[in-house]
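Encoded as C-alpha cells, the structure appears first; notes follow it.
The values are calculated or read from the model by the stated rules, or taken from the named source; none is laboratory data. Bear in mind the structure is a predicted one, so any value in this text is a computation, not a measurement. Glycine also receives a Cβ, built like all others from the backbone with ideal geometry; neighbour counts cover every protein chain displayed. Each accessible area value is taken on the protein alone, full model and side chains, heavy atoms only, with ligands, DNA and RNA left out. Shrake-Rupley method; radii C 1.70, N 1.55, O 1.52, S 1.80 Å.
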Amino acid sequence: MEIAAARDGTFGQGGEERFTGEVWLRGTLAADDGTDIGVVHFSPGARTRWHRHPGGQFLYGVSGRGRVRTRGGPGHVLEPGDVIHVGADEWHFHGGTPVTPLVHVAINGGGSPDWGEPVTDDEYDDGFA
C-alpha cells in the first residue's frame, strides 16, 4: 500500500505551457501503468489549455464551481461532488468559472497528455450561459 498524506504534499504553480491564469497543483501517487491522481486549484477564470489524455481522465469536483468542455461539445458546470469522465484522446479543457475558483481531483489514465493551444476567451465562454 502507498499513501500520499495531505500534510506531506506540496503545491507547485502551473506553467503557461499548460494553463491560462493562476493554477496550483499537487501530485500524489502514480500506478505502474502511469495512471496518476492530482489535486488542482484554479483561480476564477483560470483554465487548462486544450489537451487530451491517452488513457482518459476523471474529474471530481471538491469545492467551488468550474467549467469543463470537450472540443465542439456542450459545456458542463462542475460542482462539488460531480464526477466527469473524459474519454481517451478527447480534446477538452477545464478550470474555474469567470467569478468562482475551483478545486478538483484529476485521475489521469496511463500515458502523458498532449497539450494543445490555449483556450481563447470565446472558446471558454462557448456553451455556457
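For segment 105-123 and segment 1-43, what is the separation of their Cα centres, given in Å? That distance is 14 Å.
Close amide H pairs (under 5 Å, H built 1.01 Å from N) link Arg71 with Trp91, His92, residues at least 5 positions away or on another chain. Normalised per residue, the accessible area of segment 1-55 is 60 Å², obtained with a 1.4 Å probe and no contribution from ligands, DNA or RNA. Estimated at 0.36 nm per residue, the fully extended path between Ala129 and Asp36 surpasses their Cα-Cα distance by 30.2 nm. Under the criterion of Cα pairs below 8 Å and six or more residues apart, the relative contact order for the chain equals 30 percent. Of the residues Asp89, Asp32, Asp114, the one that moves most in a GNM of the chain with alpha-carbon contacts below 10 Å is Asp32. In the chain, the DSSP-assigned H stretches of four residues or longer account for a calculated mean residue ellipticity at 222 nm of -500 deg cm²/dmol, using -39500 (n - 2.57) per stretch and the full residue count as denominator. If I compute solvent accessible area with a 1.4 Å probe over the protein chains, what percent of it on the chain is carbon and sulfur? Carbon and sulfur: 52 percent of the exposed surface of the chain.
Residue-wise HN-Hα couplings along segment 120-126, as the Karplus relation 6.51 cos²θ - 1.76 cosθ + 1.60 with θ = phi - 60° gives them from phi, are 6, 4, 5, 5, 4, 7, 4 Hz; Gly and Pro carry x. Pairs of alpha carbons in the chain separated by more than 20 Å make up 39% of all such pairs.
When only the Cβ of Lys, Arg, Asp and Glu is charged (+1, +1, -1, -1), the dipole of the chain relative to its Cα centre reaches about 300 debye.
For segment 55-129, the alpha-carbon coordinates run over 33, 26, 17 Å along the three principal axes, in decreasing order. FRET efficiency for the Met1 to His85 pair, using the beta carbon distance and R₀ = 35 Å, is estimated at 0.85.
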